[in-house]
Amino acid sequence: MKPTNFKHLFSSYDGNENLFDEIFDKKQNVRKVYQKLFDIYNDQSIEDFINLNNKAKTSFFNQGITFQVYNDEKAQEKIFPFDLFPRIIDGEEWATIEKGVIQRCKALNAFIWDIYHDKNIIKAGLVPMELISSSANYLRQMDNLDPVGGIYNHISGTDLIKHSDGKYYVLEDNIRCPSGVSYVIYNRNALKRSLFGVFNHYDIHTVTDYSENLLEIMESVKPKGVDVPTCVVITPGVFNSAYFEHSYLAKTMGIELVEGRDLVVENDFLYMKTISGLKKVDVVYRRIDDGFLDPLEFKKDSAIGVPGLFSAYKNGNVTLVNAPGTGVADDKAIYTYMPEIIKFYLGEKPILNNVHTYHCSRPTDLKFVLENIHNLVVKPVDEAGGYGISIGNRLTKAEIADVKKVILQNPRKYIAQPIMSLSVHATYIEDCQSFEQRHVDLRTFTLLGQDKEFVLKGGLTRVALKKGNLIVNSSQGGGSKDTWVLKK
Amino acid sequence: MFNYTIKYTTENTYENPVFESYWQFMVTPETNSSQDLISSSYSVSDDNSIEKSINGYNFETTRIHTKKPFNNLTFEAIFKLNKSEISPIEPNPEFTVEDDYKAIEVLDFKVDFEAFLNATELTALPKVAVKLFEFETSKHILDNVKQLNTWVYDLITFKAGETTEDMLLETVLEKKEGVSSDFVHLFCAIARVNKVPARYVSGYLHQGDGFFGDSEMYAWAEVYIPNLGWIGFDPGNNILADHNHIKVAHGRDYKDCPPLKQIMYAYGEQESKFAVEVNYEQ
Amino acid sequence: MLARIANNLFWMGRYIERAEHTARFTNVNYFSSLDAPNKLSRDRQFVLQSIYEMVGEEDEKDEVLIEQDVLYNVALNPDKHYSILKCICYARENANSSRDLISNDCYETINKFYHSVMNYSKDYFVTRGLHDFTSHIMHQSTILKGKIRGTMLHDEVYALIKLGINIERATQVTRILQIKYDAAEQVTSSKPKHLKKSYEWTTLLKCVDSFDINRRVYRKPPTQSTVIEFLMLNPNSPRTVLYCLSQIKEHITMLDPLKAHEKNTALFLIGKMMCEYKYKTVEDIEDNVKEFIAHTFSSLIKLSEKLEDEYFYH
């Protein structure tokens, strides 16, 4: 018997018809894949759910899955908000995503190889040289260097959204040091702990196989002449916001988590300082940006890098994962050429859609952008974490004028895209004690190795927790959801 | 043929002990079509070991990693090499002036020489200065570059001393004085805005014949002239690079090839002395 | 194993142990002094001085100590490197840097421990919470050490933490002996004959949680010689110097069993030291207790330095 004051979780769910809701269709009926899940959740009292939600939060907190927030006085630890209502991706749909992201990652890899070798795509007139030479992430030290297996972007994070037309679009390719994979696994664990019952009704893919695949990828690109490679993860240190993830990956791969000061280069070989002396290191999964890798080669004042590391790499005595200089293809301006890049190297049509992009560096595009800012999202090409983005229809007249000014100061730095309507997902909002629609995206994780590729069957669904907000990055107050990929 | 002996020395003193440090020297002459390195020997104080390595731009470096506290460090390198006479350079008679300018407009050319066609932080001309020196398209590129060499030489007064090598051109143009690297940065910047590839060269200058130079390392430039190749220019002396110029390395600007990169944690007073001796027998 | 991480694990062990000893020492001294038989033993200043001495606070000798300040500094002051709170912070920082090596369970326990200390109310502590807080620290560190023993692989990671715990414990026991010996001397300065039966010996045993055990071994009130014999030379009680030494030896052996016969290694040093203590009798040391305590202290420091040299820096 339910108590008389029983309040359903979805009782105050207010569906906006103009948004693509992944759970409810236009007529507010629950979509088929979500029906069972919906029934189970809707059967819970709000009190029970609040209780579960608090327990999940405490569990994250106690496990130290936190990041630091600096307020006026002291550092505070906060957990990344986690939503207990999972997102489901149907098996067929996933198969397309998987093929699509592999295609993209391979094309990007071929592109990076070309940029650091013959630059054929530029000589063919398809991508302007300007774009490369002005990129802060273009590392000339990588010219004519052949990474083991020809792989640059061993690890890629591709950000996708579902638009109001129900189709997936790629928003960004992250191939420097994409983060977030540990949350995929912790979200799954947290959901299992809290609501194990729901798993009985769905047949879903595991996400815990990421680390073993990552280790295999790392081993597949071991330097020549090494039998059993010693692999490590290098982190900037405990104060890095992703430190938790670095330690998680090292732990689950069973390899050392090192900092720059643990490593030393001697005669172009890399060693770590252990309790029994120096031990040679062969493959490094680095979670340090290019510029900080080696103070002798890049930024002189980097205290987190290893002097001489680049020479060791250049000599083929150690493999860096991802390769230095991959960032050249992670630029948002390069993104806009993805259809051409895929066609040029693979001779294929893109499986996943690209959002149409206007380059402010092109006079005609610039004109269009300046005239239509209110309908566009303007982004700087080289910022990560959702910084510097202006969403046109949210701006006042004065703000639009400011944005125009900023663009005109350096048009090369900006691109603009139509405002994409990210799909929405039912998300528990603590302040309202009920579920509400919130925008979500999806970051997938792809691994490329020598004769091996892997896409994590799940990925990180990020939620913009502020009502109506389209920016899902955790640094901007986003949360996340467990993501279920159904078996076919 | 000139038989060179080059000696590079540095002596560094610190008030407080330095516990750990890295030193990367880029002072070894390269072997190229006009110079042939015969031998090189290095020595360093205490029993620090010396490593050789190739840096990101394919030049040889010499490294020291000190692991024991020290107050004093000296380093010495001695090179022997043969340098041949460089014959005077004239435009390639098989090509016309128009061929020159056509060549630098080809996309492949722009892509292949991309690194030496774009401004860097140290070779960025202030907006007002972009048109300071414009090439005359009626003349061969070689002749324009020669004129540029003279123009830079006339504009800037050589002044050794307090300045560092990483001065911005804005300051150089304002003061109209500087060291060899300032001449080279200005020279390269102007060649590049005129679409001609130019690179910074670090090396040694034999000062026997009364040229401006300094007791430290010297800088000049190389320009890629279509149908001729890379040609060395020394705007600090208003001459083309010749048998007195011993090349060590090149880059887009000074920052790509400084003679010494150091990483250390030292506090208190410190003093560093550098000396270069360049001699030859014919 | 990385040398830096080894160092961190070692210090994690030391800080956990240090927090526990500071908590117990403060608790016992404070509460047992309230009804101590001797006037000086009851004296607030005397007790507070002794607490400061334990943590190594170098206060002005003639300054009048304020109870709430002393208690706050020792327990919760984040600006005092010796405070219990700081010890737990350091322990957690060290755990953070090696969380890929310690068990999840263990990490979660340290993390919860840390947050409980960080969120402990200062006002409550200095007015009513002394007993609650110090018991909480003792309780949590016991649980933590149980987790370390019960959930981790007994490999070099474990050996390093245990090494830290035992060196710290041996050091703290020796330190407490030293402080209490001095205190006993002061208390009985007018009647030196009473030294051997001073009330301070009882407090001392309680400070290392060994009063009851000592009673079972000797079946009479503690005296100077039974206490010294017990805390230094008893091989079976977990809070004696000799016991810690044998633990230290066991765990250094786990790090590098081949080094046993190499002269001037930490393993050689500890083997030698252990033999010395194993065959020492209370009669050997009775007449120069102070020197023997000092000797133990410096041997432990030497050992710790040797360990650092040998394993933690390359």
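Bear in mind that the values in this text are calculations on the coordinates, not laboratory data. Just so it is clear, the structure is predicted and the values come from calculations on it, not from any experiment. As a convention, Cβ positions derive from the backbone with ideal geometry for all residues, glycine included, and neighbour counts pool all protein chains shown.
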Which is farthest toward the positive dipole end of chain B among B:V106, B:L81, B:C188, measuring Cα position about the Cα centre, with Cβ charges +1 (Lys, Arg) and -1 (Asp, Glu)?
-> B:V106
Kindly give Rg over Rh for the range B:19-94, based on alpha-carbon atoms, with the Kirkwood expression for the hydrodynamic radius.
-> 1.17
List the aspartates and glutamates whose Cα lies under 18 Å from the Cα of C:K80, skipping any in the same chain that are fewer than 8 positions away.
-> A:E73, C:E17, C:E20, C:E53, C:E57, C:E58, C:D59, C:E60, C:E67, C:D69, C:E93, C:D123
Among C:K191/C:K278; B:K159/B:K273; B:K159/B:K195; A:K27/A:K192; A:K332/A:K487, which pairs are too far apart, with a Cα-Cα distance over 22 Å?
-> C:K191/C:K278; B:K159/B:K195; A:K27/A:K192; A:K332/A:K487
Residue-by-residue Karplus 3J(HN,Hα) for the range A:354-361, coefficients 6.51, -1.76, 1.60, Hz, glycine and proline x | 9, 6, 4, 10, 9, 8, 5, 6
Treat the count of other C-beta atoms within 10 Å as a stand-in for reagent exposure and order C:F312, C:F211, B:F187 from fewest to most.
-> C:F211, C:F312, B:F187
Would you compute, from DSSP H runs of 4+ residues alone, the mean residue ellipticity of chain B at 222 nm, taking -39500 (n - 2.57) per run and dividing by the full residue count, rounded to the nearest 500?
-> -5000 deg cm²/dmol
Taking H placed 1.01 Å from N in the peptide plane, check which residues at least 5 places from B:F233 or on another chain put their amide H under 5 Å from its amide H.
-> B:A221, B:E222, B:V223, B:A241
Between the alpha-carbon centers of the range A:321-375 and the range A:387-441, tell me the distance in whole angstrom.
-> 19
For the table B:K110/B:K131; A:K123/B:K102; A:K279/C:K86; A:K397/A:K466; C:K112/C:K259; A:K123/A:K404, the rows whose alpha-carbon distance is greater than 27 Å are A:K279/C:K86; C:K112/C:K259; A:K123/A:K404
Most exposed to least, judged by fewest other Cβ atoms within 10 Å, A:D294, B:D47, A:D114 sort to B:D47, A:D114, A:D294
Give a quick list of chymotrypsin sites (Phe, Trp or Tyr not before Pro) in the range B:1-90 that DSSP marks as loop, anything other than H, G, I, E or B, with at most 15 other Cβ atoms within 10 Å.
-> B:F19
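When you look at the Cβ of every residue in C:285-291, what mean number of other chain Cβ atoms sits within 10 Å?
0
Counting only GluC sites (Glu not before Pro) that sit in a DSSP loop (anything but H, G, I, E, B) with at most 14 other Cβ atoms within 10 Å, what is the longest stretch of chain A containing none of them?
A:74-347
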Chain C: longest stretch without exposed GluC sites (Glu not before Pro) (DSSP loop, at most 14 other Cβ within 10 Å), sites themselves excluded?
-> C:64-261
Which percentage, to the nearest 5, of the DSSP beta bridges contained in the range A:224-317 is antiparallel?
-> 55
Within the range A:184-270, which trypsin sites (Lys or Arg not before Pro) sit in a loop by DSSP and count at most 13 neighbouring Cβ atoms inside 10 Å?
-> A:K224
Where nothing but the Cβ of Lys and Arg (+1) and of Asp and Glu (-1) is charged, how large is the charge dipole of chain C around its Cα centre, in debye to the nearest 20?
-> 960
For the range B:249-282 the GluC sites (Glu not before Pro) that pass both the DSSP coil test and the at-most-10 other-Cβ-within-10 Å test are B:E269
DSSP bridge orientation in chain A - percent antiparallel, rounded to nearest 5 = 75
What residues qualify as long-range amide H neighbours of A:V258, i.e. H under 5 Å apart, gap of 5 or more or another chain, H built at 1.01 Å from N?
-> A:V233, A:I234, A:T235
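With +1 on each Lys and Arg Cβ and -1 on each Asp and Glu Cβ, and nothing else charged, work out how big the dipole of the range A:224-317 is about its Cα centre, in Debye to the nearest 20.
100
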Put +1 on the Cβ of every Lys and Arg and -1 on every Asp and Glu Cβ in the protein assembly as shown; which of A:P128, B:Y42, A:C231 then has its Cα farthest towards the positive end of the dipole?
-> A:C231
Helix-only [θ] at 222 nm, chain A, -39500 (n - 2.57) per DSSP H run of 4+, per residue, nearest 500, equals -8500 deg cm²/dmol
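In peptide C:1-8, how many Cβ atoms from other protein chains are near each Cβ within 10 Å, on average? Before the final figure, lay out the partial values.
Values: counts 6, 13, 8, 8, 8, 4, 1, 1.
Per residue, the average neighbour count from other chains is 6.
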Counting DSSP beta bridges in the protein assembly as shown, what percent are antiparallel, to the nearest 5?
-> 85
Looking only at aspartates and glutamates whose Cα falls under 20 Å of A:K57's and that sit 8 or more positions away or on another chain, we get A:E47, A:D48, A:E77, A:D83, A:E245, A:E430, A:D431, A:E436, A:D482, C:D105, C:E108
Would you mind ranking B:D112, C:D62, C:D287 by Cβ crowding within 10 Å, fewest neighbours first?
-> C:D62, C:D287, B:D112
Report, ordered by chain and residue number, the lysines lying within cross-link reach of C:K196, taken as a straight Cα distance under 21 Å and ignoring same-chain residues fewer than 8 apart.
-> C:K39, C:K180, C:K206, C:K220, C:K280, C:K290
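Starting from the eigenvalues of the Cα gyration tensor, five times each then square-rooted, give me the equivalent ellipsoid semi-axes of the range B:39-198, largest first, whole Å.
Whole-Å semi-axes of the equivalent ellipsoid: 37, 22, 16.
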Once a ≥ b ≥ c are taken as the square roots of the eigenvalues of the Cα gyration tensor of the range A:356-418, is the result rounded (a/c under 1.5), prolate (a/b larger than b/c) or oblate (a/b not larger than b/c)?
-> rounded
Helix-only CD estimate at 222 nm, as mean residue ellipticity for chain C, using -39500 (n - 2.57) per DSSP H run (n ≥ 4) | -21500 deg cm²/dmol
Run the dipole for chain B about the Cα centre, Lys and Arg Cβ at +1, Asp and Glu Cβ at -1, nothing else charged, and hand back the magnitude in debye, nearest 20.
-> 320
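Which shape class, rounded, prolate or oblate, goes with chain A when its Cα gyration tensor gives a ≥ b ≥ c as root eigenvalues, a/c under 1.5 marks rounded, and past that a/b bigger than b/c marks prolate?
oblate
Set the Förster distance to 60 Å, then compute FRET efficiency between A:E92 and B:K80 from the Cβ-Cβ distance, nearest 0.05. Walk me through the numbers on the way to the answer.
On the way: r = 73 Å, r/R0 = 1.21.
Using R0 = 60 Å, I get an efficiency of 0.25.
Specify whether the C-alpha gyration tensor of chain C places it in the rounded, prolate or oblate class, a ≥ b ≥ c being the square roots of the eigenvalues: rounded for a/c under 1.5, otherwise prolate if a/b is larger than b/c and oblate if not.
Judged from the Cα gyration tensor, chain C comes out oblate (a/c at least 1.5, b/c at or above a/b).
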